[in-house]
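First up is the structure itself, then whatever we jot down about it.
Please treat every number below as a calculation from the coordinates, not as lab data. All of these numbers come straight from a predicted model, not from anything done at the bench. So basically every Cβ, Gly included, is an ideal-geometry build from the backbone, and we count neighbours across all protein chains shown.
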Amino acid sequence: MSERDVGEDFRGGRLIGFFFAGIWLVFLSDAFSAAWQQRQSLRADGGLIVLVVFVVLYLVHFSHLRAAVWGTRGSVDSHWYVTRIGIAYWAGLALLAALATVTIGQEGAATWVFLAVSGLWTFRVRLGLALGGCLVALYEFLTFHVDGWTHDASISMSMVLAMAAVTGGMIAAQRQRALAEAREENARLAIQDERNRMARDVHDILGHSLTVITVKAELAARLLEVSPERARVEVADLERLARDALADVRQAVAGFREMSLPAELARARSSLAAAGIEADLPTAADAVPSHLRELCAWTLREGVTNVIRHSSATTCRVSLDEQGITVTDDGVGVQPGSPGTGLIGLQERAEAAGAHLVAGPLSPRGYQLAVTTSADPRGADPDTHERVEA
């Protein structure tokens with residue numbers, strides 16, 4: 001939003017505030033009418049001047065305290081206004097209200113309604129209500145003890161109802177402000193959490209790959225003079241590692257939710273640790289070909305989930321090679337012959353990638369889940385495993 005738009009919004013909000021504050025000044029019409037009818041006297045003319053100054057000061061007072069009281073956020077000077085300028089304005093309004101009452105008479109006491117309301121803006125709500133109650137009591141007292149005054153409860157009721165309405169509006173506006181600020185803070189924290197998560201994922205993905213690339217680059221530099229052929233092999237391997245790392249980063253950035261084998265290794269490590277299961281996990285995914293990494297990531301997530309939920313295992317081991325992934329544990333596993341939804345979905349992914357999914361118990365105890373491009377996972381006992389059929 002441009003500065004011009006902000007300025008227009010501010011001016012628009014101020015005009016709306018002036019409208020809602022000024023519309024109630026119509027209740028001073030009786031006071032103006034009474035002073036106008038007696039305008040031949042200096043006292044009545046002074047009453048008219050007092051009423052005009054009262055209206056102007058009332059609107060200025062409202063304008064200064066509107067940001068602090070009615071929910072406008074970001075008012076750094078709200079406390080200063082309330083404690084100093086606000087009190088000065090309210091004292092001026094009290095003096096003018098007293099002058100209006102003296103010069104005009106009982107009709108001039110209509111200014112007390114606005115004095116009671118402005119007390120709620122100036123002071124804390126409890127003190128403002130107490131001052132308003134004192135004004136009501138004083139007005140009722142004067143109606144019985146001042147000559148020419150009649151007992152008219154309309155001004156007293158106006159003060160009570162106005163204070164009740166303004167108090168409710170102030171509380172609602174301030175709660176709305178607090179709610180909006182809380183929502184903004186939650187949105188900011190959510191963005192920050194997502195940035196932190198993304199930073200951790202990128203660190204997990206690139207940390208080992210860049211380390212291996214650095215080591216191989218140093219080795220290739222040393223081999224250039226000794227063995228150019230080996231140096232070319234290392235350089236080719238560097239290119240493969242760089243492309244794989246770039247592919248992992250692209251997968252992580254695209255939607256923030258693509259499956260990444262290095263990220264899944266990091267998540268598996270933290271999940272198993274949280275479950276109290278000893279984890280034996282590889283530190284890198286470089287051994288797995290790029291076209292199998294997403295499938296291995298899904299397999300790792302499903303295998304670790306089953307280990308944590310169903311196996312009652314104390315240890316979990318994950319091995320990666322050029323043929324795929326194997327997840328083993330020392331728990332009871334799942335019941336053979338009844339693959340769950342996760343294993344069925346994993347079987348479909350394996351078939352789409354041209355791989356095989358093998359899952360079953362180990363002897364004498366344990367369970368193994370493997371996705372591999374060979375007929376059987378390395379180190380598996382074919383007699384104790386079954387091919388999962390979708």
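Cα extents of segment 121-167 along the three principal axes, largest first, in whole Å?
If we take the Cα atoms of segment 121-167, the spans are 35, 16, 11 Å.
Sort 29-35, 273-279 for me by packing, meaning the mean count of neighbouring Cβ atoms within 10 Å per residue, highest on top.
Averaged packing, sorted descending, gives the order 29-35, 273-279.
Can you give the FRET efficiency for Ala247 and Gln176, using 1/(1 + (r/R0)^6), R0 = 56 Å, r = Cβ-Cβ distance, to the nearest 0.05? Numbers along the way, then the final one.
Numbers: r = 48 Å, r/R0 = 0.86.
Efficiency at R0 = 56 Å is approximately 0.70.
At each listed q (0.12, 0.17, 0.21 Å⁻¹), what is the log10 of I(q)/I(0) that the Debye formula gives for segment 97-201 modelled as equal alpha-carbon point scatterers?
For segment 97-201, the Cα-only Debye profile gives -0.54, -0.80, -1.03.
Amide H of Glu278: which non-local residues (sequence gap of 5 or more, or other chain) have their own amide H closer than 5 Å, using H built in the peptide plane?
Here the answer is Thr315, Cys316, since their amide H atoms fall under 5 Å of that of Glu278.
Sorted by mean Cβ packing within 10 Å, highest first, what order do the peptides 40-51, 133-144 take?
Highest-to-lowest ranking by the protection proxy: 40-51, 133-144.
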